[in-house]
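Quick notes on the structure that follows.
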Amino acid sequence: MPESIEWSSEVSQIVRKFALQNAIEYHGEGQSGSVLGRVLSEREDLRSKAKSLISLVNSEVSRANLIAKEKGMEEVRFELESFAPEALDREKQQKTVGLKDLPGETDDVVLRFAPNPNGPLSLGHSRGVVINSMYSERYDGKIVLRFDDTDTRVKPAIIEAYDWIEEEFEWLSGRSPDVVVRASERMPLYIDMAEKMISGGFGYVCLCSADEFREFRISKEECPCRDREVSSNLEDWEKMNSGGINEGEAVVRVRTDMTLPNPALRDWPALRIQHAPHPIVGDKYKVWPLLDFQSAVEDHAQGVTHIIRGIDLMDSTRKQTLLYEHFGWNYPEPLYWGRVKIHEFGGFSTSGILSSIKSEDFSGWDDPRLPTIKALRNRGFSPESIRLLWEEIGLTQKDISISMATLESFNSKVIDSDCERRVFVIDPIEIEFSSDNRPDVASIPRHPEGSIPGNRNWEFSESIFIQSSDHNPGKVRLKDFADVEISEFSANIQSMDRTDDRQIIHWLPKNLSREAIITVPDGENLNRIRGFIEDFELEEGRVYQFERFGFAKIESIDDQLVSLLWLHN
C-alpha cells in the first residue's frame, strides 16, 4: 500500500488545477492517469512519490467530474479560472485544434452531409450537420445534402425520411442545404461511370462467389475473371443490368493490386445486383452501386472539396483515391473525427430503433427514450444546444465518451432566460391559513432574474398545497411570499418579509391548482409522476421551468389533466 502523505497546499492546488482542466477537456469524464502525467510533467520532483500521489489525484478527479455532472461545465471552468486562469489556455488551444482550418484550397469550399434515409436523424448524425455547416459558413462555401439511398435490401430507404431529414437539417443548422441530391435518382450517372470503368480496363465483372474471392484476396492471387477481355466483361455487364444474372452471382470490381498490404483495397467491389424495388424508382434498376463507388462518383460530380468522416472510414478514403486515380480526378481533402459515445445511448442504431418500433418497444421515432432528433425536439431541446455541444467537441480524432448531462447543460443555458417559472407539487398536503393578515394576492415573478418581465398574480383562497416531503411542523418560508409557521395542517403568517434563514419551500394555492402528470424517460423505462401544477397561463407545446423539479414541456391540457414531458434539471 502507498504511504499516507499529507500534501502541501501547493501540491494540492496543482493536482486540482489539472483535474479541473482534464474534466473540461473530456466533458466531465476526466482520467486520473492523464492528470497524474501532467502533474509529474510540471513537478518532476514528485516522480518518486507518484504511487502515494495517485490517491490525491483520484480524489480530485472524482471531485471535478462530480462538479461537471451536477453543476455543469461552466462551474468547472469558473473554479479553474478563479485560481489558475492560465490553465484555461490549454482548453482554448484544444478548441482551436478541434476546429482547425480546412487544409488545401479553400476559395470555393464544397462540403457534403450524406445520410442514409432509412430513418430520421439521430444525435450522432447531427454532428455531421453541425460541423459541415460550421465550416461552410466559415469559408462562405456550399453544403450538399446527399441521400445515400442505393441499398434496396439491407438498409432500404423510408420514403418519409427524405422530408424528415431535410427539415431536421434546416432545424439543426439554421439554413437550407445549397444542393439536395438523391443518389437513387442519379443512377444513370453511376451506370455510365461503371461502364466507362469496364471499357477502360480498370473495372471488371467478377463471377466468383464471395467465399471464392475471399480466398483469392487472402492469398493475394488474382481471380480468373480479372483478365477476361473487355468485350466479355461488357456482355456480362449487360446481363447484370437486364436481370439475366441473379443476385449474388456477379459484382463489378475496381481493378487495383491483389498484393496491396491492406486486404480491403484488393480489387474492391463497386456495384452489385439487387432486384428488390426502391421506394422512389421502383424496379427500374437491377444493378446498384455500393457506397464507396457511389459516394466517390457523386463527390466528384458535385465538386466536393473536403470530406469529413469517421476515422473508421479511412479505408473508404483509400479505396476512393485509387478509383480517382483511374479516372484522372483529384481526390477531395479528407478530415477525420473519432467516435463519440453518449453514455445513455450507447447501443442504438437507426435500423435497431426501427426494429424496436415495429416490435412496439418504443411508440415511434419521437419516443422520449430515443436519441433521435425527433425525440430531442419533442422533449424541448433547442438546436442551439446541439450546435454548442458539437462545437465544443470539435473535430478531434480521439474517441470520447460524454453524458447527456453535457447537452443538458448547454440547453439549460440557452433556454433558461426564456422559460417562465411555474410550480409543480408532488404528493401534495393541504394546509389552511389561520392568520387574519393573509393578503388576497401573491405576486410571483415570471422569471426570478427579470429576463421575462411581469408577475404571476395569484388570487387564492384559504388553502394551499405543499409537498409532503416539506411537511414538517415549524417555521418555513413560502417561496416568494411569506414567513409562516406550520402546525399540523394549518399555517400562520408571521411576516411578509424574509426574517431569517429558515427553509424555503414551494407551494401552490388550492384554487389555482390543476392535476398534472409528468412523463420522465429513465433508460428504457418511462416513469410517470403525478401532482398538481400551477394553473397560470399554461400553453401547450411550451417549456417551463418548475421550481425544484426542472424543465418540462406541456404536451396537452384538458379539463381533468395537464400532461407534460420531462426535459432535464
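I'd like to know which of HIS275, ASN241, TRP365 lies farthest towards the positive end of the charge dipole of the chain, counting +1 on Cβ of Lys and Arg and -1 on Cβ of Asp and Glu. Projecting each Cα onto the dipole axis, the largest value belongs to ASN241.
Peptide packing for 357-365, 122-130, 58-66 was compared via the average number of neighbouring C-beta atoms within 10 Å per residue; ordered from the highest value, the list is 122-130, 58-66, 357-365. Sparse packing (at most 10 other Cβ atoms within 10 Å of the Cβ) combined with a DSSP loop state is found for the following GluC sites (Glu not before Pro) in segment 219-295: GLU229. When both segment 500-569 and segment 102-138 are represented by their alpha-carbon centers, they are found 38 Å apart. Please identify the GluC sites (Glu not before Pro) of segment 145-215 that satisfy two criteria: DSSP loop assignment and at most 14 other Cβ atoms within 10 Å. Which are they? Of the GluC sites (Glu not before Pro), the ones in loops of segment 145-215 whose Cβ has at most 14 other Cβ atoms within 10 Å are GLU160.
To the nearest Å, what is the center-to-center distance of segment 19-33 and segment 239-283, using C-alpha atoms only? Segment 19-33 and segment 239-283 have Cα centres spaced 47 Å from each other.
Peptides 101-110, 372-381, 136-145, 412-421 ranked from most to least packed give 372-381, 136-145, 412-421, 101-110, packing being the mean of other C-beta atoms within 10 angstrom over each peptide's residues.
May I ask you to list the aspartates and glutamates whose Cα is less than 14 Å away from that of LYS51, ignoring any residue fewer than eight positions away on the same chain? Reachable aspartates and glutamates: GLU3, GLU6. Hydrophobic, long helices, defined as DSSP H runs whose alpha-carbon span along the helix axis is 27 Å or greater and whose mean Kyte-Doolittle value is at least -1.0, occur in the chain at 50-71. Using a ≥ b ≥ c from the Cα gyration tensor of segment 185-337 (square roots of the eigenvalues), is it rounded, prolate or oblate, where a/c under 1.5 gives rounded and otherwise the larger of a/b and b/c decides, a/b for prolate? Oblate shape, in that a/c is at least 1.5 and b/c is the bigger or equal ratio. Here the dipole of segment 419-568 is about 340 debye; that uses its Cα centre as origin and unit charges on the Cβ of Lys and Arg (positive) and Asp and Glu (negative). Seen from ILE452, the other residues with C-beta closer than 10 Å to its C-beta sum to a net charge of -1, counting Lys and Arg as +1 and Asp and Glu as -1. Would you mind classifying segment 419-568 by shape? Square roots of the alpha carbon gyration tensor eigenvalues, ordered a ≥ b ≥ c; an a/c under 1.5 is rounded, otherwise it is prolate if a/b is larger than b/c and oblate if not. Taking the square roots of the gyration eigenvalues as a ≥ b ≥ c, segment 419-568 is prolate. Summing charges over neighbours of GLU432, with a neighbour being any other residue whose Cβ is under 12 Å away from its Cβ, gives -1 when K and R count +1 and D and E count -1.
Using only side-chain charges placed at the Cβ, +1 for Lys and Arg and -1 for Asp and Glu, the dipole size of segment 185-337 relative to its Cα centre rounds to 160 debye. The value of relative contact order for segment 221-361, using C-alpha pairs under 8 Å at least six residues apart, is 16 percent.
Which whole-number percentage describes the relative contact order of the chain, with Cα contacts under 8 Å and a sequence gap of 6 or more? About 11 percent, as a whole number.
Were the residues from ASN262 through ASP315 laid out at 0.36 nm apart, the gain over their Cα-Cα distance would be 18.2 nm. The ranking of GLU459, GLU449 by Cβ neighbour count inside 10 Å, starting from the fewest, reads GLU449, GLU459. Sequence-distant contacts, meaning Cα pairs under 8 Å at least 6 residues apart, place the relative contact order of segment 419-568 at 24 percent.
Rounded to the nearest 500, the 222 nm mean residue ellipticity of the chain from helices alone is -11000 deg cm²/dmol, with -39,500 (n - 2.57) taken per DSSP H run of at least 4 residues. Placing +1 on the Cβ of every Lys and Arg and -1 on the Cβ of every Asp and Glu, with nothing else charged, gives the chain a dipole about its Cα centre of roughly 1360 debye. The length gained on full extension between GLU215 and GLU235, counted as 0.36 nm times the residue separation minus their Cα-Cα distance, comes to 4.6 nm. Quick one: grab the alpha carbon gyration tensor of the chain, order the square roots of its eigenvalues as a ≥ b ≥ c, and give me rounded if a/c is under 1.5, else prolate or oblate depending on whether a/b is larger than b/c. It is prolate, given that a/c is not under 1.5 and a/b is the larger ratio. Within the chain, antiparallel bridges make up roughly 70 percent of the DSSP beta bridges whose residues both belong there. Using 1/(1 + (r/R0)^6) with R0 = 22 angstrom and r between the beta carbons of ASP178 and LYS284, what's the FRET efficiency to the nearest 0.05? So, using R0 = 22 Å, E works out to roughly 0.20. The local environment of ALA375, defined by Cβ-Cβ distances under 10 Å, has a net charge of +2 under the rule Lys, Arg +1 and Asp, Glu -1.
Read-outs throughout are calculated quantities, based only on the coordinates presented, and are distinct from any laboratory measurement. This one's a predicted model, so the numbers in the text were calculated from it and none came from an experiment. Heads up, the Cβs are rebuilt from the backbone with ideal geometry, glycines too, and the neighbour counts pull from every protein chain shown.
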